[in-house]
Every structure is written in C-alpha cells, then in structure tokens.
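Report on the following structure.
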Amino acid sequence: MAGLSCSVAVAQTPVPGTGVGQFSAFQNLGLPNSQLLTIHSDRLFAESAYGLRVARETEGRSAVLMAENRRIEAELRAEELDLAERRSTMEPEAFRALATAFDQKVQETRRTQEAKFLEITTARDDARRAFRQTSIPILEQIMTETGAAAILEQSTVLLSADAIDVTDLAISRVDAILGEGAASGAPEATQP
C-alpha cells in the first residue's frame, strides 16, 4: 500500500465548470482539492532551507562547546592530579583551602558550560518558533489557493490520503519566500 496513508479513497467534490476531459484549476496547479489538508510540521522545519541553516548553526555551536568542554575537562583533570600530588607536601589546612577553591572552580565551570548549552538550545527553539510564526502566512496562502478550511498536523491524523499532504508544497513555498532566513534573528516574511 505504498503511497497511501490509508486504504480509503477520498471522494472529491466536482468543481463547477469542469466536465469530462476538463481539469479544475486545482488539478492544473497540482494542488489538492480538499477541505482538509495535512502537513508534517517537523519535516517542514527540518527540510526547509531555514531549518537546515538552523541545524547547521546549532551543530556548529554544539561542536565548539563540546571541544571547549573536552579542553576544560583535561585542564581540570591535570589540575586535580597536581593538587593530589602536592597533598603529601602541604599542611592539611593549606591543602583544604586549595581543594575547596578547586571544587568551587569546578562548580562554576560546570554552571558556565551548562549556561552555554542552554543558550544554544534556547536559540534553536527560538528559531523554530520564529519559523513557525513566519511560515503561517505561507500556509494560509496554500489554504486560500486550495479552498481548504484547515491544515491538520499529520501526526495527529489517524487516516488520510497522501493527496492532501501539502508538506512538500509548503517546503518549496517556504524556501522560495523565506530562504535560509536571517542567521541572527527572525526572518522577514514577504507575502506570497
């Protein structure tokens, strides 16, 4: 049953002015003729030029942070080993002061690195929200062109025909209008 999300055929309402051998405007444009459309919003984001740019930026920032974490971990490990070697030659109080300072340094470093990770994930989530908001007019235009009353999230639909899935169309429209979007903020939407 490849190509169909269900085995139920979708009845299409005849378009006035079309007869045998004629095509509706929807057929000519390759658009579905349905009151309900579906979309894979995760795919829309992930496969759009905008989403791919966000993924590249997130991966790049994450790779830099991971490299920094490895470097810091190696430095702290070396400092800990040095402190352990010096223990036998130090007064207990002096060692405790150094050990306490080292522990504080480790905790502060951990908080700093966790904040950097949170900043990366927040930026990714913000970009996704900006994309969603900016793509709404594009999806509304698709609804207008198809005469649809609603676009439903495909993952929440139990059964549907592939013919009403507008994800690929939405990706191509989003790419044409938004492109990769702005790297440092929400992209400006233009009316389709």
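The values are calculated or read from the model by the stated rules, or taken from the named source; none is laboratory data. This structure is a prediction, so every number in the text was calculated from the model and none was measured. We place every Cβ from the backbone using ideal geometry, glycine too, and count neighbours over all the protein chains shown.
Screening the candidates ALA63, ALA97 for the property of being closer than 30 Å to GLY181 by Cβ and out of contact with any Ser or Thr (no Cβ under 8 Å at 6 or more places or on another chain) yields one hit, ALA63.
Looking only at the range 38-78, count how many residues are loosely packed, with under 14 Cβ neighbours inside 10 Å and not small (Gly, Ala, Ser). The qualifying residues number 10. Would the range 73-96 turn up any residue that is β-branched (Val, Ile, Thr) and modelled with pLDDT of 95 or more? No, the range 73-96 contains no residue that is β-branched (Val, Ile, Thr) and modelled with pLDDT of 95 or more. Suppose the filter is farther than 30 Å from GLU73 by Cα, at pLDDT below 95, touching a Phe, Trp or Tyr at 6+ places or on another chain (Cβ under 9 Å) and in a helix (DSSP H, G or I); does GLU180 pass it? So GLU180 does not fit the description; no.
Of all residue pairs spaced 6 or more apart or on separate chains, those with beta-carbon atoms under 8 Å, a first member in the range 71-90 that is over 17 Å from GLN104 (Cα atoms) and a second member that is of a type outside the set (Val, Ile, Thr) are ARG86/PHE95; ARG86/LEU98; ARG87/PHE95; MET90/LEU98.
Take the residues in the range 104-131 that are under 27 Å from GLY181 (Cα atoms) and among the polar types (S, T, N, Q); name whichever of them is surrounded by the fewest Cβ atoms within 10 Å (Cβ to Cβ). Only one residue fits best here, namely THR122.
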